[in-house]
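Before any comments, here is the structure.
Readers should treat all values here as calculations from the given coordinates under stated rules, not as data from a laboratory. On a predicted model such as this, the values are computed, not experimentally measured, just so you know. Every residue, glycine as well, gets a Cβ built from its backbone with ideal geometry; the counts of neighbours run over all protein chains shown.
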Amino acid sequence: MLKKILKNPIWGERLADGLAKYIKYVRSKGTTICEPENPDELFLKEDPFILAVWHGQFLLIPTIRPEKIKAKIVVGAHGDAELAAKLVSRFGVIPIRGSGAAGRRSKRDRGGAKVLKQAIKALKEGYCIVSTADVPPGPAQKVGDGIITMARLSGKPIIPAAFATKRAITFKSWSRLTINLPSSKTGFVVGDPIHVPRESTAEELEELRLKLEVAMGKVTKRAHELAERSPKKILPLWERSKKPGLALKSYQFATSLAKPIAPLIFNYRANKGKEVPEREQERYGLSDLKRPKGTLCWFHAASVGETNACLPLIEKLLDRNQELSILLTTGTTTSAKLAANKLPDRAFHQFIPLDNRLFVKRFLAHWRPNLAAFIESEIWPNLIMETDKKNIPLILLNGRMSKKSFKRWFKKPAMARPLFGRFDKVLAQGPIDERRFITLGAENVIHSGNLKIDAPALTYDEIELQNLKSAIGDRPLFVAASTHPGEEELIAEAHNIIAMDYPDFLTIIVPRHPNRAEEIRSLLNEKQQNNQNKSLKIDLRSEVAAPNRNTNIYIANTIGEMGLFYSLTKTAFIGGSFIRHGGQNPIEAIKLGTNIISGPHVENFAISYFELFQRGGAIEVKDAKTLATKIVDLLKNPDQHDSLKIGAKDAIDYLSGAEEITLKTLETYLKPSN
């Protein structure tokens, strides 16, 4: 609604006029207490300077400009910020449009570099710059790097400032946006200037960033004290109580009530091949295995991808610490099979108990781990709460927080803060993940990189590879890897288009869930018939060891052979990216020399894909037709494969390094006993 109003030039101007009058009215009705008593003296002394404010507390800031000072303010480039730009201009402040992007790596240019250049130019021309210290999408009240960089390059000081009114409305937005109300006592506090030397090292810049963050916290708190309003009203989620709220208590109560139906749930899943019947007791926190003596580190990984990510860590930790044993829990049958084949001595697998407090308590009482390390995004409330109660250190490794998950958790602060705040440490994949975890309540978060980048290349059976190559001969082919429902039809459509140029073309589909193979074959045959196309010869690897000359589509419905099929092809489409799943791991293919193509939905590996696209190491397609076009182009121009490999290698080299950071973190909790 607001965007529609702002698009209308008349209504947009009227709304800005109305808000400006309202802000002036708020300032005129009530008393204002300033610290220092005359802030204009400081402003005139330091002019020009950078005024730092929190994102959600900026509405009264344009009213403080002394007449002798000319000022510009950094305002977002998005549509909603149009109103803010119009509003500040009513107070004689010139807007600079753009966003610093909070360290995001995104294909979308939000104008951060352009804004920085404009701001530095304005400072040199004698303008003061007003800038928010925290940057969307958060975390709130955590100073970003942009304002520090601006001060370093311009040589101008940063002055922290804060307004507060006794009467106000604070929204539950990421920034705790506050609307000040009239007839209030108002507090306005300005802190001491902070200078950022141009020659500062990275460590010194971080110290100055933290110094500004502390200073911003002090002026904010003092402004609220002067206004006689509790600063708790604007505290971001990461500073709030860890005490479980109603939502979390309700979850715990509901899962306790669900205990009697746990066997029914298990049997239902077992009938679908998603459970191992003879290991049912593990799902209830019981085990026939004894706890090994000495230090026990517990890793929990959701499925195959997360298991592959932590296997190298497990091997290296065991090599470095002979007193250590490792328990790996997962929740899927495929990951259990992988663990059975890949885990070294002194490491063993169990299924994770269902998230019921009794089952979790049994599990913890039996295993008594010295450290719990969860991989990526495995957030089970009872598991986390009960582990914390036992004073077992909790670490989240390779932490990933998608935009969708972040929005869902953000709406449940009374559940998010008690859970994420219980992790002793979170190692986040990227800067966006880092900020999201902090916003949700995690206290000790660092950006460590993605473990999957450092994982060794997938293994494969060389004899099987030669058998497949002999069976396929010189037929052109490509692999569609880790496909999800809704993608196989598009792959088959692309196959039909490619086959018009290459009649003997072979498509190999490796579904994310192998048990869907028969379903996929039936679906593709039905689709061909409905479209009155020539029927496709579709073979399953579980039935036919290798495709023959008549096979059009070969479905590899086996477990643990992804490395084999990546090694077989020059080009692979990475699934989960044609649909809104967020994409699967592209790095596994690249490490085996395979060039990759993806659809547009790659949020789960956004940083990896950004670097790949930037360096020409991957190709993005939007539908079956463009997929077919790109594959045909690669077949006709094989030299492109080399340039793609070079770009992909550059991206991997840039992104690597997470493994060593992770190992050092884990080892601080797993020191051998004397």
| Along the principal axes of its C-alpha atoms, what lengths does the range 613-663 span, in descending order and rounded to whole Å? | 44, 24, 16
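If you place +1 on the Cβ of every Lys and Arg, -1 on the Cβ of every Asp and Glu, and leave all else neutral, what size is the dipole of the chain about its Cα centre, to the nearest 20 Debye? Write out the running numbers ahead of the final one.
Working: 101 positive and 74 negative charges, 642 e Å.
In total the dipole reaches around 3080 debye.
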| said: How charged is the neighbourhood of TYR284? Take every other residue with its Cβ under 14 Å from the Cβ of TYR284, and add Lys/Arg as +1 and Asp/Glu as -1. | reply: +1
| Lys/Arg +1, Asp/Glu -1 at C-beta; the range 246-449 dipole; positive extreme among GLN281, MET401, ASN321 | MET401
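What is the range 462-655's relative contact order, in percent, from Cα pairs under 8 angstrom and six or more apart in sequence? Mind showing how you got there, number by number?
On the way: 343 pairs, mean separation 41.6, N = 194.
Taking the mean separation of contacting Cα pairs over the length of the range 462-655, I get 21 percent.
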| said: Helix-only mean residue ellipticity at 222 nm, the chain, DSSP H runs n ≥ 4 weighted -39,500 (n - 2.57), per residue, nearest 500. What is it? | reply: -13000 deg cm²/dmol
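Around ILE314, under 14 Å between beta carbons, what's the net of Lys plus Arg minus Asp minus Glu among the other residues? The partial results should precede the final answer.
Details: positive: LYS316, ARG320, LYS342, ARG346; negative: GLU306, GLU315, ASP319, ASP345, ASP454, GLU659, GLU667.
Summing Lys/Arg as +1 and Asp/Glu as -1 gives -3.
Determine the dipole magnitude for the range 549-650: charges of +1 sit on the beta-carbon of Lys and Arg, -1 on that of Asp and Glu, nothing else is charged, the reference point is the Cα centre, and the result goes in debye to the nearest 20. Don't jump to the answer; show the numbers that get you there.
Working: 11 positive and 10 negative charges, 48 e Å.
Here the size comes out at about 220 debye.
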| task | Mind running the shape call on the range 188-272? Use the C-alpha gyration tensor, a ≥ b ≥ c as the square roots of the eigenvalues: rounded below 1.5 for a/c, prolate if a/b tops b/c, oblate otherwise. | result | oblate
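Only bridges whose two residues both fall in the chain count here: according to DSSP, what percent of them are antiparallel, nearest 5?
On the way: 9 of 74 bridges.
Percent antiparallel among DSSP bridges in the chain is about 10.
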| query | Just from the alpha-carbon atoms, what are the Rg and Dmax of the chain in angstroms? | reply | 28.8, 87
| What does the charge add up to near SER656, with Lys and Arg as +1, Asp and Glu as -1, over the other residues with Cβ less than 13 Å from its Cβ? | -3
| task | With unit charges on the beta carbon (Lys/Arg positive, Asp/Glu negative), name the residue among LEU235, LEU205, ILE559 whose Cα is farthest towards the positive pole of the charge dipole of the chain. | result | LEU235
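Give me the percent of DSSP beta bridges within the range 2-235 that run antiparallel, rounded to the nearest 5. Display every interim value, and only then the final one.
Numbers: 9 of 28 bridges.
Antiparallel bridges: around 30 percent, rounded to the nearest 5.
Going by average Cβ neighbours within 10 Å, how do the peptides 43-53, 252-262 rank, with the highest at the top?
Values: 43-53: 20.1, 252-262: 13.0.
In descending order of packing, they fall as 43-53, 252-262.
I need the shape label for the range 209-359. Rule: rounded when a/c is under 1.5, else prolate if a/b > b/c, else oblate, with a, b, c from the alpha carbon gyration tensor. Kindly include the intermediate steps, with their values, before the conclusion.
Working: a/c = 3.11, a/b = 1.67, b/c = 1.86.
It comes out oblate by the Cα gyration axes.
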| request: Indicate the gyration tensor shape class of the range 2-235 (rounded, prolate or oblate), computed on the Cα atoms with a ≥ b ≥ c the square roots of the eigenvalues: a/c under 1.5 is rounded; otherwise a/b larger than b/c is prolate and the rest oblate. | output: rounded
| field | Dipole of the range 462-655, positive end: most advanced residue of ILE596, LEU524, ILE619 [Cβ charges, Cα centre] | value | LEU524
